[in-house]
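Worksheet for the structure shown next.
The values are calculated or read from the model by the stated rules, or taken from the named source; none is laboratory data. Here the structure is a predicted model, which is why all the values come from computation and not from measurement. No Cβ is skipped: glycine too gets one built from the backbone with ideal geometry, and neighbour counts run over all protein chains shown. These area figures cover heavy atoms from the full protein model, side chains too; ligands, DNA and RNA do not enter into them. Shrake-Rupley method; radii C 1.70, N 1.55, O 1.52, S 1.80 Å.
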Amino acid sequence: MVIVVGLIAFQGYCTHTIGTSAEPHENPSASAPLQGSEPLLAARAGKLYSPEPPPGRQIALTFDDGPDPRWTPQVVSVLHQYGVPGTFFMIGSQAARHPDIVRLVQASGGEIGDHTFTHTALSNGPVWERNAQIEFTEAVLLAITGHYSRFVRPPYSATPDAVTPADERDLAQLAGRRYLIALADYDSKDWTRPGVARIVANAMPPHGHGGIIMFHDGGGNRSETVAALRALIPRLRSAGYRFVAVRSLLGMSAAEAEPRATGWQHARALAFLWAVQLAFWLTGVLGSMILIVGVLFATRLVILLPTAWLHARRTRPASASAPAYRPSVAVVVPAYNEQVGIARTVGSLAASTYPHLEIVVVDDGSTDATAEIVESLDPARVELLRRPNGGKAAALTTGIAHTDAEVIVMVDGDTIFEADTVTRLVQPLSDLRVAAVSGNTKVGNRSRLLGRWQHIEYVMGFNLDRRLYEILQSTPTVPGAIGAFRCSVLAELGGVPGDTLAEDTDLTLSIGRLGYRVVYAEDALAWTEAPSTLDGLWRQRYRWSFGTMQAVWKHKGAIVSRDRRQRRIGRLALPYMTFFQILLPILAPLIDLYAVYGLIFTNPMPVIAFWLAFNAGQLVIAIVAFRLDRESLRPLWALPLQQFLYRQLMYLVIIEATISALVGARASWKHIPRTGDVEIPEAAISA
């Protein structure tokens, strides 16, 4: 992300800087390949050579991996105390984060070199990336100091014995005639933190031999380095060594080693630096959001699984008992252009074992043969009502007003009931505190991949959430595919509200705010047709998402209401929906975005671990949900693909719905074409 954000600014910067530097001093006679201790190397004819005279009793102290806001100022202070120059090979990304520390080094007279942008080895990877590692750092340092940096120290190859012939060719290609590769004669190995005495011993040159000593002012705790400098500098000075900057080993002036940029070049570099700093800020925000996603996901996992297990233990013994409650029941089926599946839906209701079941189909101004098909069915069991198209909520309210039944069962026109579904669905209503019951919606067209993904989503998402909500007595949604309602409560509310796109959520929240309970009957099964095309799925989920946001906003008053009856909706249902059905899906794509960023620009192992943990958590939820629903685990082979593809699609839907809600866009109900390919188990058909 950092590199991508800065590319445009850097492109202009490169155009105006390449070839403007002073050429390094060359020693024509020193054209042999890299051999022995040659800490300062230039490139010519595809090879590295040593352009400097022997260092004699001159010592150059160099420091890698900074700038570090804690340790670099301490190193600068020690050097200033002893009047010793230093050369600091800086990591570009660190310099961009701490420009004030770079200026501190410059103000102290310190020499500044290039140590790549992200501390990456310069001996592998594509050439463009290795060039970018050097040039990005040069751009950042130019923006901060106003000067170019001609000295480059390659990470992981800081001493001549670490440079192989292949590395030599790579470094020569990168250096060209523009940079000097600054290796080190002596490695203090302070990065291993062996103790002050050992660092001093490692840094001491053989008697009479000068050269470059490598220390580190970043990348970890450098307290031993600071202490070692206090011991080493007086010791070397007393032995007759003279401390110089790296450029002095070449006989170069500061103007030659760090040429000043023109005003236009500096402005270009500043634009790049600002782009990098903006990218860092965005990355920090992204990291914070990733933390929020992780906390939300872990919280949901901790809350959801125990409550779902508790619900299963409480309800299964009750499900095994013989049904005894027999209220009068009317099934209301709102139908708009449902000619493909309406006959199977009504036929499954007519085959119900529930006695004296009233079936009311409300044709909501269909433009196809829906009404004619219903009229051709058994008129003794099925009643057809016609009305102009006014939406699902209006059709349901029309059907409710037409019947005197104690209980209203609402069914979508593409849903098939099992023979005992109605019987099982109404049993919880024997408790007068219960006003609504949610059935168990099953995806009936799961033979194809898209349907199988939705099957997984229904089981591990919707059904687990319903178990949780019942335990907390704060269910926010009874699905339109299958739900039973006490008619007296519907009358109290004035029918089904039609001012949101999620009339089922709006209605259920209204019931909850009256203080009634809404429960989940897991053994009342309904087989529904899920969208079979991406376009249909997108339209359905957009309506669900947008409608849920509308319902949450409509009922936000429950959060601060002093009415005791509204507390569970206001304190539990609405916050849970806000955090886990809106905020978490909006932020969850950042996990995948951060994974891609981390794999490219950071240490990939923590990123891979976090991503695997997230998906392992999803697998755990899926297995638990499928076991509780007594479903086969075989469809879970599609779960990895769902995480990669389907999940991203759902996130995009949520994001679009959120943007629409924020800008105040209007959304309308859009009919989804049906195929009628719902399949239910043989046992359910024969029941």
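If you scale each eigenvalue of the Cα gyration tensor by 5 and take the root, what three semi-axes come out for the stretch 79-235, rounded to whole angstrom and sorted largest first?
After scaling each eigenvalue by five and taking roots: 26, 20, 14 Å.
I'd like the trypsin sites (Lys or Arg not before Pro) in the stretch 610-655 restricted to DSSP loop residues with at most 11 other Cβ atoms within 10 Å, sorted by number.
The qualifying sites are Arg630.
Sorted by mean Cβ packing within 10 Å, highest first, what order do the peptides 94-103, 523-532 take?
The peptides rank, most packed first, as 523-532, 94-103.
List the residues whose amide H sits under 5 Å from the amide H of Val331, counting only those 5 or more places along or on another chain, with H placed 1.01 Å from N in the peptide plane.
Glu358, Ile359, Val360, Val409
Nearest-5 percent of antiparallel DSSP beta bridges in the chain?
Taking every DSSP beta bridge within the chain, about 25 percent pair in antiparallel fashion.
Residue by residue through the stretch 465-477, which ³J(HN,Hα) values in whole Hz follow from phi under the Karplus form 6.51 cos²θ - 1.76 cosθ + 1.60 (θ = phi - 60°), with glycine and proline marked x?
3J(HN,Hα) across the stretch 465-477, in whole Hz: 4, 5, 5, 4, 4, 5, 4, 7, 6, 8, 4, x, 9.
Determine the relative contact order of the stretch 168-321: mean sequence separation of Cα pairs under 8 Å and six or more apart, normalised by residue count, in whole percent.
14
Along the charge dipole of the chain, which of Gln339, Asn463, Gln58 sits closest to the positive end, that is, farthest toward it, with unit charges on the beta carbon of Lys, Arg, Asp and Glu (+1, +1, -1, -1)?
Of Gln339, Asn463, Gln58, it is Gln58.
To the nearest 10 degrees, how steeply does helix 392-402 sit against the main Cα axis of the chain, on a 0 to 90 scale?
Approximately 20 degrees, to the nearest ten.
Heavy atoms only, probe 1.4 Å: what % of the accessible area of the chain goes to carbon and sulfur, would you let me know?
Carbon and sulfur: 60 percent of the exposed surface of the chain.
With P(r) over Cα pairs in 20 Å bins from 0, in percent in mind, check (1) 16, 35, 19, 20, 10, 1; (2) 18, 51, 27, 3; (3) 19, 55, 25, 1 and report the label derived from this structure.
(1)
Collect residues whose amide H, placed 1.01 Å from N in the peptide plane, falls under 5 Å from the amide H of Gly211; neighbours closer than 5 in sequence don't count.
The list, which skips near neighbours in sequence, is Gln58, Ile59, Ala60.
Hey, can you grab everything whose amide H is under 5 Å from the amide H of Met90? Only 5+ residues off in sequence or another chain; H modelled, so Pro and N-termini drop out.
Sorted by chain and number, the residues that satisfy this are Gly113, Asp114, His115.
When you count, for each residue, the other Cβ atoms within 10 Å and take the mean per peptide, how do 285-297, 546-558 rank with the highest first?
Answer by packing, highest mean first, reads 546-558, 285-297.
Could you sort Leu662, Leu61 by accessible area so the largest value comes first, with the probe set to 1.4 Å?
Of Leu662, Leu61, the descending order of accessible area is Leu662, Leu61.
Could you sort the peptides 474-483, 632-641 by per-residue average Cβ neighbour count (10 Å cutoff), highest mean leading?
So the order, starting with the most tightly packed, is 474-483, 632-641.
Counting only heavy atoms of the protein chains, get the accessible area per residue of the chain (1.4 Å probe) and round it to a whole Å² value.
42
On a 0 to 90° scale, report how tilted helix 647-663 is relative to the longest principal axis of the chain, with both axes built from alpha carbons and the result rounded to the nearest 10.
80
Return the sequence-ordered ³J(HN,Hα) values of the stretch 589-595 in whole Hz as given by the Karplus equation 6.51 cos²θ - 1.76 cosθ + 1.60 applied to θ = phi - 60°, using x for Gly and Pro.
Each residue's phi maps through the Karplus curve to give x, 5, 4, 5, 5, 5, 4 Hz.
Which whole-Hz ³J(HN,Hα) couplings does the stretch 331-345 yield from phi under the Karplus relation 6.51 cos²θ - 1.76 cosθ + 1.60, θ = phi - 60°, glycine and proline marked x?
So the Karplus estimates, Gly and Pro as x, are 9, 10, 10, x, 9, 10, 6, 10, 4, 5, x, 5, 5, 5, 4 Hz.
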